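Since every read-out is calculated from the coordinates, none of them should be taken as a lab result. If you're wondering where the values come from, they're calculated on a predicted model, not measured in any experiment. Methodologically, a virtual Cβ is constructed for each residue, glycine included, from the backbone with ideal geometry; neighbour enumeration extends over all protein chains shown.
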Amino acid sequence: MRTFTLTCLALFMTLTGSPSQAASDAAVEDFDSIKLYTLKNDQGMTVKVTNYGAIITSITVPDRDGNPGDVVLGYNNVEGYINAVDKPYFGAVVGRYGNRIAEGSFTLDGETYSLAVNNGENSLHGGIIGFDKVVWTVKSADDRSIELTYVAKDMEEGYPGNLDVSVTYTVTDENQLVIDYHATTDKATPVNLTQHTYFNLQGEGEGSILDHELMLNANEFTPVDQGLIPTGKTPNVEGTPFDFTSAKPIGRDIDDDHEQLTFGGGYDHNWVLNKSGEADAPTLAARVHDPASGRVLTVSTTEPGIQFYCGNFLDGRLQGKSGKTYGHRSGFCLETQHYPDSPNQPNFPSTILRPGDTYQTQTVFGFSTK
């Protein structure tokens with residue numbers, strides 16, 4: 001039988017400063033359950049996961065010369081994730097609704113629900129205490145896979161329904177990290193789960209990601225207003241800085257004089273994925289190559305969209321696990337998802353989960369070199 005590595009994370013720590021309500025809630029009764037789990041294969045790939053926020057704290061994969069390196073941003077202890085300036089959601093599963101819901105409100109089956117507002121006038125990534133700030137239960141774990149579960153109570157952060165959620169991380173021999181999401185509910189409710197890991201394929205803390213070459217398998221994207229809420233339109237990317245249909249450096253067009261880049265401070269948008277094959281089978285969403293290390297990240301998903309965010313709000317105030325600061329655009333996210341604000345956008349694919357149905361999505365992060 002496989003064994004798994006279990007490491008306690010700073011359980012007797014003293015929180016300083018002004019911790020958030022999420023921190024105090026966790027500390028009262030759940031801190032003794034926070035652990036760190038190590039998944040690995042025989043090819044030199046290692047993934048570390050904590051049950052606080054279902055956070056991926058580390059992914060170590062070899063470069064083109066076989067040298068291992070950690071390629072995700074994060075911290076060495078729970079305090080770092082709880083007390084991080086501006087709460088960047090490093091490595092976390094976000095929900096109940098990943099991304100933004102306009103004005104923290106939506107109407108479902110004739111009833112209007114008011115959500116916790118935490119991003120200007122909008123609700124972002126589940127609210128004030130989203131899934132990234134709670135302690136998940138570890139249902140099973142070995143050295144290749146871990147399943148984490150959480151029950152979000154009816155009206156938690158304003159969302160209707162008791163939502164039973166599970167997230168499973170699995171490392172394969174092909175240097176893939178497979179992420180499976182499942183959820184059921186006892187009331188109709190919006191659900192949109194995603195993984196918020198920040199990548200730097202040159203290595204965590206190794207500077208800008210602007211030379212990384214990105215391909216997005218998407219001919220359209222969803223433009224936003226100044227509050228980063230989609231307008232409802234899905235224009236073609238051709239002839240715009242948002243065209244990644246052929247691989248190009250992330251930094252090539254990022255400073256172009258374009259209204260959407262001004263609104264996002266760079267790229268912080270959802271792309272409409274070109275889907276092919278069976279609906280429940282993952283299809284290619286993105287590919288990223290770092291010329292310096294030779295590492296390649298491929299993202300496949302069953303989801304209809306992907307949010308590409310290039311660390312526009314990182315500004316050097318956060319110091320990561322290697323002791324290096326995270327400067328402007330030193331990490332990127334590829335968040336597979338349904339579109340932002342879908343509960344208020346009837347033309348977007350529905351995110352409503354109803355009793356008797358099962359929310360089930362899969363995303364695969366694959367690593368290689370060239």
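More than 14 Å apart: what percent of Cα pairs in the stretch 126-196 qualify?
Values: 1548 of 2485 pairs.
That fraction is 62 percent.
Rounded if a/c is under 1.5, else prolate if a/b is larger than b/c, else oblate: which is the chain, with a ≥ b ≥ c the root eigenvalues of its Cα gyration tensor? Since a/c stays below 1.5, the shape of the chain is classed as rounded. Separation of the stretch 207-282 and the stretch 106-181, taken as the distance between their Cα centroids, equals 25 angstrom. Let me know the shape class of the stretch 148-257, please: from the alpha-carbon gyration tensor, a ≥ b ≥ c as square roots of the eigenvalues, rounded when a/c is under 1.5, otherwise prolate if a/b is greater than b/c, or oblate. Oblate, because a/c is 1.5 or more while a/b does not exceed b/c.
Quickly estimate the mean residue ellipticity at 222 nm for the chain, helices only: each DSSP H run with n ≥ 4 gives -39500 (n - 2.57), and the total goes over all residues, rounded to 500. Before the final figure, lay out each step's value.
Working: 3 runs with 21 residues, N = 370.
Using -39500 (n - 2.57) per qualifying helix, the result is -1500 deg cm²/dmol.
What do you get for Rg/Rh of the stretch 213-369 when both radii come from the Cα atoms and Rh is the Kirkwood radius? List each step's numbers first, then the result.
Details: Rg = 16.3 Å, Rh = 16.7 Å.
Reported Rg/Rh, Kirkwood definition of Rh: 0.97.
How would the stretch 5-195 be classified by its alpha-carbon gyration tensor: rounded, prolate or oblate, with rounded meaning a/c under 1.5 and the a/b versus b/c comparison settling the rest? Cα axes put the stretch 5-195 in the prolate bin.
In cubic angstrom, how much convex hull volume per residue do the alpha carbon atoms of the stretch 294-340 span? Before the final figure, lay out the partial values.
On the way: hull volume 5.0 nm³, N = 47.
Dividing the Cα hull volume of the stretch 294-340 by its residues yields 106 Å³.
In terms of surrounding Cβ atoms within a 10 Å radius of their Cβ, LYS233, LYS35 rank from fewest to most as LYS233, LYS35.
Of GLY53, LEU193, ASN344, which is farthest towards the positive pole of the chain's charge dipole, taken about the Cα centre with +1 and -1 on the beta-carbons of Lys, Arg and Asp, Glu respectively? After comparing all options, I get GLY53. About its Cα centre, the chain has a charge dipole of approximately 660 debye under the convention of +1 per Lys or Arg Cβ and -1 per Asp or Glu Cβ, with nothing else charged.
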